[in-house]
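Data block below; observations after.
The values are calculated or read from the model by the stated rules, or taken from the named source; none is laboratory data. Predicted model, so just to flag it, every value in this text is computed and none were measured. FYI the Cβ positions are ideal-geometry reconstructions off the backbone, even for glycines, and counts take in every protein chain you see. Quick note on the areas: whole protein, heavy atoms, side chains included, nothing else; ligands and nucleic acids left out. Shrake-Rupley method; radii C 1.70, N 1.55, O 1.52, S 1.80 Å.
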Amino acid sequence: MSLAKFIRTDTERILGEWEDFAKTLGVGAVLPKWVLRAHAKAILQSIAEDMERPQLDIERDAKVKGEAVHGPIEQVAAVHVDLRIDSGLDLLQIIAEYGALRACVLHLWDATDAEGFARGGEEIIRFTEAIDQGIAESVSVYEQRETKYRDRFLGMLGHDLRNPLNSIALCAISLAEAAHLNEQQFTTVSRIQNSVRRLDRMVGDVLDFARGRLGSPMPINRTRANLGTLAREIADEVQSANPGFSVRLTVSDNLTGDWDVERLKQLFSNLLLNAIQHGSGKDIGVTVETEGDLILIVVRNEGRPIPKESLGIIFDPLVHGRVSDQNKTGLGLGLFIVSEIVSAHQGTIAVSSSAEAGTIFSIRLPRHQS
Amino acid sequence: VADLSEKSVILVVDDDADSRGTLADLLSRRGYVVESAENGKQAFEYLNRSKPALVILDLMMPVMSGWEFLELQQKDPNLRGLPVFVMTASGLVGDIKANALIRKPIDFGMLMSMVNQALEPEHAGH
């Protein structure tokens, strides 16, 4: 008996054995029979159907290369994985279900028709490929669902943290407007406002960090802007907040492109604050110029060179715990976020550091999305 | 003392009671008449009775979100031209049809200059 025929005639027996296994899978133990069986039968039928039809070379090649296929197996697997996620199964449990299905089918076929099993090499390969297709589709759907939930979670987290911050910020303004505040009270209110700004930046950084670590790309909203103008705005802002330092900005002509303006402001700000925080010199040089089709941003500060072993991990998040530097404060997400912004704009970032030349960050950005 | 009937009415829509209340206080102190709603549905109920000069709208709200409010507003020929400033505590807002987008925590100075600019012809002073 062929494997496909065995699957069709012994479906109920296979499902019975598979169901016993599925019940042992964590939440599977509490799911009712109909939920456990739901779609498993359809998966078996779609596999049998697939095995009964001749396979084209092009299909075989696609499977070997792991390319996306959207046949009946994938359609059934997509519905199955949705149902399983809703029932609380995780990806490993879902994959284990497929493993159990494969084991049950092959074990029962061998027990029922040992001869057919012994010469069924080709069919077993085809069957295994079909199971793999089901697993691949399950992983893909699971990933899509995870990304959606992750983005929603991060959105909610930002929202829930910033709403009370907003309320504090507005209350501080309201307090500042109250009559007869003495100097000390004014100072207190302005400390509240500064802390709100710092917390807001931190919330943004933590959300960017979480998004990057969870694998979601940084969303980019491109509009036409001049990079020199953005650099000047941030350099002026950082300079006025840090009068002890001297930010020297040089910009060339022709720096217009499509960028996420807010993100590039954040890039300049993080690089300049990093130079202020970690450089021992008072001069910070920033140049923004064209380099062929690209824009080259260079930020340079003087000071003790960064050790070679630290250069390789300087863009890693939370690197402060691993690099000994008394000057470092905060979460250490600034350069990680810079590298995420560069990557979201399809650019590159490099760092070099020596006693003679200082520490130099070089960023190359294309003007437009490719 | 200016006649209150001449003041511009601003509808503040936000489910966060503290933010809504404080923003309403600050706007009132600047001479605006402020009406409040906790969500898009309440905002529409108000708009059925009266028409403000400006709506300051939060996005993520229960019952009816700011996105739903904007969608319905665009479909209503009587409300389509009503100026709406969207404020949001979320990073991603998507493609929205609004006159301004303000991030929370609000830069109040910037908000006021935008409000004054939008309502200048009908708002006397402040």
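Overview of values
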| read-out | value |
| --- | --- |
| Odd one out for A:I276, checked against (1) crowded, with 21+ Cβ neighbours inside 10 Å; (2) modelled with pLDDT under 95; (3) closer than 18 Å to A:A357 by Cα; (4) aliphatic (A, V, I, L, M) | (1) |
| Residue in segment A:122-141 that is over 24 Å from A:F6 (Cβ atoms), away from chain B (no Cβ under 14 Å) and modelled with pLDDT under 85 present | no |
| Number of positions in segment A:121-158 that are within 27 Å of the chain's Cα centre (by Cα) and in contact (Cβ under 8 Å) with a residue 40 or more places away in the chain | 18 |
| Qualifying residue in segment B:69-85 (condition: modelled with pLDDT under 95 and closer than 24 Å to A:L175 by Cβ) | no |
| Residue in segment A:142-161 that is within 14 Å of chain B (Cβ to nearest Cβ), out of contact with any Cys (no Cβ under 7 Å at 6 or more places or on another chain) and modelled with pLDDT of 85 or more present | yes |
| Matching residues, segment B:64-92, being among the aliphatic types (A, V, I, L, M), more than 18 Å from B:V115 (Cα to Cα) and within 14 Å of chain A (Cβ to nearest Cβ) | B:A89, B:L92 |
| Unmet requirement for B:M61, which otherwise passes all of (1) within 14 Å of chain A (Cβ to nearest Cβ); (2) in contact with an Asp or Glu (Cβ under 8 Å, 6 or more places away or on another chain); (3) surrounded by fewer than 17 Cβ atoms within 10 Å (Cβ to Cβ) | (3) |
| Tally of residues being open to solvent by less than 10 Å² (accessible area, probe 1.4 Å) and under 39 Å from the mean Cα position of the chain (by Cα) across segment A:105-119 | 1 |
| Residue among B:R49, B:R103 that alone is out of contact with any helix residue (DSSP H, G or I) (no Cβ under 6 Å at 6 or more places or on another chain) and more than 30 Å from A:R222 (Cα to Cα) | B:R49 |
| Segment A:290-323 - residue that is aliphatic (A, V, I, L, M) and in a helix (DSSP H, G or I) and, of those, modelled with the highest pLDDT | A:L311 |
| Residue check for B:D25: open to solvent by 30 Å² or more (accessible area, probe 1.4 Å), within 14 Å of another protein chain (Cβ to nearest Cβ) and either under 22 Å from A:S167 (Cβ atoms) or not charged (D, E, K, R) (or both) | yes |
| Odd one out for A:V81, checked against (1) at pLDDT below 85; (2) open to solvent by less than 30 Å² (accessible area, probe 1.4 Å) | (1) |
| Leading residue by the ranking (farthest from B:L27 (Cα to Cα)) among those in segment B:90-115 that are small (G, A, S) and at pLDDT 85 or above | B:A98 |
| Residues located in segment A:191-231, provided they are away from every other protein chain (no Cβ under 14 Å) and open to solvent by less than 50 Å² (accessible area, probe 1.4 Å) | A:A225, A:L227, A:G228, A:L230, A:A231 |
| Unmet requirement for A:L161, which otherwise passes all of (1) open to solvent by 70 Å² or more (accessible area, probe 1.4 Å); (2) without any contact (Cβ under 8 Å) to a residue 40 or more places away in the chain; (3) not acidic (D, E) | (2) |
| Filter result (within 22 Å of A:P219 (Cβ to Cβ) and acidic (D, E)) within segment A:124-176 | A:E143, A:E146, A:D151, A:D160 |
| Within segment A:246-270, tally of residues that are open to solvent by less than 20 Å² (accessible area, probe 1.4 Å) and touching a Gly at 6+ places or on another chain (Cβ under 8 Å) | 1 |
| Scan of segment A:164-188 for residues that are away from chain B (no Cβ under 12 Å), part of a helix (DSSP H, G or I) and open to solvent by 60 Å² or more (accessible area, probe 1.4 Å), ordered by number | A:E183, A:Q184, A:Q185, A:F186, A:T188 |
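Residue-by-condition table, conditions (1) open to solvent by less than 50 Å² (accessible area, probe 1.4 Å); (2) without any contact (Cβ under 8 Å) to a residue 12 or more places away in the chain; (3) touching a Lys or Arg at 6+ places or on another chain (Cβ under 9 Å):
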position	(1), (2), (3)
B:S8	yes, no, no
B:N39	yes, no, no
B:F44	yes, no, no
B:S50	yes, no, no
B:L72	no, no, no
B:T88	yes, no, yes
B:R103	no, no, yes
